[in-house]
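The values are calculated or read from the model by the stated rules, or taken from the named source; none is laboratory data. The shown structure was predicted, so the numbers you read here are calculated from the model rather than taken from an experiment. All Cβ positions, even for glycine, are placed from backbone atoms using ideal geometry, and neighbour counts span all protein chains on display. With ligands, DNA and RNA removed, areas are computed over all heavy atoms of the protein, side chains included. Shrake-Rupley method; radii C 1.70, N 1.55, O 1.52, S 1.80 Å.
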Amino acid sequence: MSNDMRKRDQFDIPGAGLSRRAILQGIAALSATPFIAMPGMAFAAGEPRYGGSFIVGSGSEPRHLNLNITTDSSTKLISNPVFSKLVGLKTDFTPVADLAKSWKISEDGLVYTFTLEEGVKWHDGEPFSADDVKFTFEKVLFEYHNIGKALGQYVASITTPDPATVVFTLKSPNDVFLTFIASQSYIQPKHLYDGTDIMTNPANTAPVGTGPFKFSEWARGREVVLMRNEDYFRKDRPYVDRIVSRFIPEASSRVRALEAGEVDYLAYFDLPPSMVGTLRDNPDITVVGEGHNAWGSIVELMMNLDKAPYNDVRVRQAITHAIDRQFIIDKANFGLSKVATGPISSQIAWAYNPDTRQYPYAPDTANKLLDEAGLARDGNGVRFKAGIVVTRTIEANVKSAQIIAEQLKNVGIDAEVLAIDDASSSETVYIKRSFDMYVQSLTTGPDPAMGMQRQYISSNIRPIPFTNGIGYRNPQVDDLLMKAASNPDRVKRAELYKEVSAVICEDAALVWLYENAAFSAFNSAFGNLHSWAAESNYNYGDVFWKEGEEKRA
């Protein structure tokens, strides 16, 4: 395909698909010479080129694009290139410069000083400064973010000695703080948010950032268009001219669009496991498992512990015994995963406890526990009815819910699958909490204090997506989680997390189905994808088209 052809397909015909791409064999090998790790740095062999468009296929259309008030994957997938953080997170979980060109930590581990890039502008032309950083943390992240609110209590003060310096002073040394900054903390403009309702601010749907791409258009139900930021503070970037996130709810249609060259990227949560093997055989497409290091994602069956009969531990144990998790892995996830054993994924190896109480598939045991809980069968053999909410665009989760419903019927639980859109499932489960059970994928990393704690600490039972939506309350767990999050010693933290995992498993707080196997796929005609970041499915702002121009026109 010629450069002119690709540009015409993507710019002059709104919404049109691409012509069939030229066949490219695989992606370029990683360079043998190490680069200084900075966002936007080329890590693939060969020089980046300029021009063209990069099309992302998204299974869900989010309600807004403010990634500081939700950790929803579709929101982050679409709007990440608009924003910058102080630092990013590499695959080895070490920080890399972004808005902060340098930083230092005091010897006692209490003071973090960040020196900012100068001359940075917001997309609306206003100057960026340390005041924006202070505002973002104090008024947004520490108030509304489902992880940031818990971590904010460890910060004694945030000061701005000058417009290019921001200083965080902690109450005690903390092993988590810099990881949170590097993975979750997107800096937002004070001049647009100060004095407003953060949750309803118009900038949530037309975001203004300092990142490599500027928000251009949101055609509801169709796509979000981002255009190259010509004033980006890294002057040689970005490489492509625009990024388009196209909404394709049906899983097979997303894959067909990738195969046809109509989209260029599917992140792991939008790539159905059933198609991984087929795509691996396609020379036009690269399937990659690397670059998902931060996740430790677990697919789980949540139960509403504030409702009977799920507030009875015997019922939760029975439901777990009634589910054949290996069968679900084989049929819904095509054998790509392994059974989860508790609230922390084995991918977060230092904090993982393999010796927790397990509830193997045993329908007879499940029936016995349900009898003990006083849930007798009626004349139709039904003990009680239940709804299983699931996001309809995630193929593996829908299939998992369908299998669970059939297996629960074998022990007298008449379960109905309620497949709804992503925004509605978040509102039903987390905002209104009007659900029985819910199948979802939730991360436990990059640190348990960020990924796992939010789901089990009782102080996080609040109407915010991806918090403690099950309503789990255990004072012992609260105490252990607080100690683990605040302890600066990684070895001691590991011991605490292993202990808390054991307690949560004894309580059968929910059903941990399987550890999510993360595979993303992209058009092999693009470079700089899944090359350096622990959250590569969001960090694609430095992508380039291999058939582009050597220099920007």
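Out of N174, N146, one residue alone is part of a loop (DSSP other than H, G, I, E, B), touching a Ser or Thr at 6+ places or on another chain (Cβ under 9 Å) and open to solvent by less than 10 Å² (accessible area, probe 1.4 Å). It is N146. Taking the stretch 408-439 as the range and being under 25 Å from F142 (Cβ atoms) and of a type in the set (S, T, N, Q) as the test, only S426 passes. Every condition in (1) modelled with pLDDT under 95; (2) under 20 Å from Y154 (Cβ atoms) is met by Y497 except one, and the failing one is (1).
Looking only at residues of the stretch 421-444 that are small (G, A, S) and either in a helix (DSSP H, G or I) or under 17 Å from the mean Cα position of the chain (by Cα) (or both), we find that the one that is surrounded by the fewest Cβ atoms within 10 Å (Cβ to Cβ) is S424. So for the stretch 378-395 (the condition being modelled with pLDDT of 95 or more, of a type outside the set (S, T, N, Q), crowded, with 17+ Cβ neighbours inside 10 Å and assigned to a helix (DSSP H, G or I)), does at least one residue qualify? No; the residues of the stretch 378-395 include none that is modelled with pLDDT of 95 or more, of a type outside the set (S, T, N, Q), crowded, with 17+ Cβ neighbours inside 10 Å and assigned to a helix (DSSP H, G or I). Residue selection: T115 fails the criterion of being closer than 30 Å to D478 by Cβ, hydroxyl-bearing (S, T, Y), in contact with a Phe, Trp or Tyr (Cβ under 9 Å, 6 or more places away or on another chain) and touching a residue at least 40 places away in the same chain (Cβ under 8 Å). The set of residues in the stretch 445-468 being farther than 28 Å from A332 by Cα and either of a type in the set (F, W, Y) or surrounded by fewer than 20 Cβ atoms within 10 Å (Cβ to Cβ) (or both) consists of S458, S459, I461, R462, P463. Among the residues making up the stretch 307-322, those that are outside any helix (DSSP H, G or I) and either out of contact with any strand residue (DSSP E or B) (no Cβ under 8 Å at 6 or more places or on another chain) or buried (at least 24 other Cβ atoms within 10 Å of the Cβ) (or both) are K307, A308, N311, D312, A322. Just wondering, is there one or more residues in the stretch 456-468 that are touching a His at 6+ places or on another chain (Cβ under 9 Å) and in contact (Cβ under 8 Å) with a residue 60 or more places away in the chain? Yes, there is a match, as at least one residue in the stretch 456-468 is touching a His at 6+ places or on another chain (Cβ under 9 Å) and in contact (Cβ under 8 Å) with a residue 60 or more places away in the chain.
Yes/no matrix, rows are residues, columns are (1) open to solvent by 10 Å² or more (accessible area, probe 1.4 Å); (2) at positive phi; (3) at pLDDT 90 or above:
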{"position": "F43", "(1), (2), (3)": "yes, no, no"}
{"position": "Y50", "(1), (2), (3)": "yes, no, yes"}
{"position": "K76", "(1), (2), (3)": "no, no, yes"}
{"position": "V87", "(1), (2), (3)": "no, no, yes"}
{"position": "K101", "(1), (2), (3)": "yes, no, yes"}
{"position": "E107", "(1), (2), (3)": "yes, no, yes"}
{"position": "G125", "(1), (2), (3)": "yes, yes, yes"}
{"position": "V133", "(1), (2), (3)": "no, no, yes"}
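Within the stretch 185-194, which residues are assigned to a helix (DSSP H, G or I) and open to solvent by 10 Å² or more (accessible area, probe 1.4 Å)? Residues satisfying the conditions are K190, H191, L192. The requirement of being open to solvent by 60 Å² or more (accessible area, probe 1.4 Å) and not in a loop (DSSP other than H, G, I, E, B) is fulfilled somewhere in the stretch 469-478, by at least one residue. Does the stretch 157-169 contain any residue that is in contact (Cβ under 8 Å) with a residue 60 or more places away in the chain and open to solvent by 20 Å² or more (accessible area, probe 1.4 Å)? Scanning the stretch 157-169 turns up no residue that is in contact (Cβ under 8 Å) with a residue 60 or more places away in the chain and open to solvent by 20 Å² or more (accessible area, probe 1.4 Å).
If K121 satisfies all but one of (1) surrounded by fewer than 15 Cβ atoms within 10 Å (Cβ to Cβ); (2) under 28 Å from the mean Cα position of the chain (by Cα); (3) over 28 Å from N201 (Cα atoms); (4) not hydrophobic (A, V, I, L, M, F, W, C), what's the number of the condition it fails? Of (1) surrounded by fewer than 15 Cβ atoms within 10 Å (Cβ to Cβ); (2) under 28 Å from the mean Cα position of the chain (by Cα); (3) over 28 Å from N201 (Cα atoms); (4) not hydrophobic (A, V, I, L, M, F, W, C), only one is false for K121: (3).
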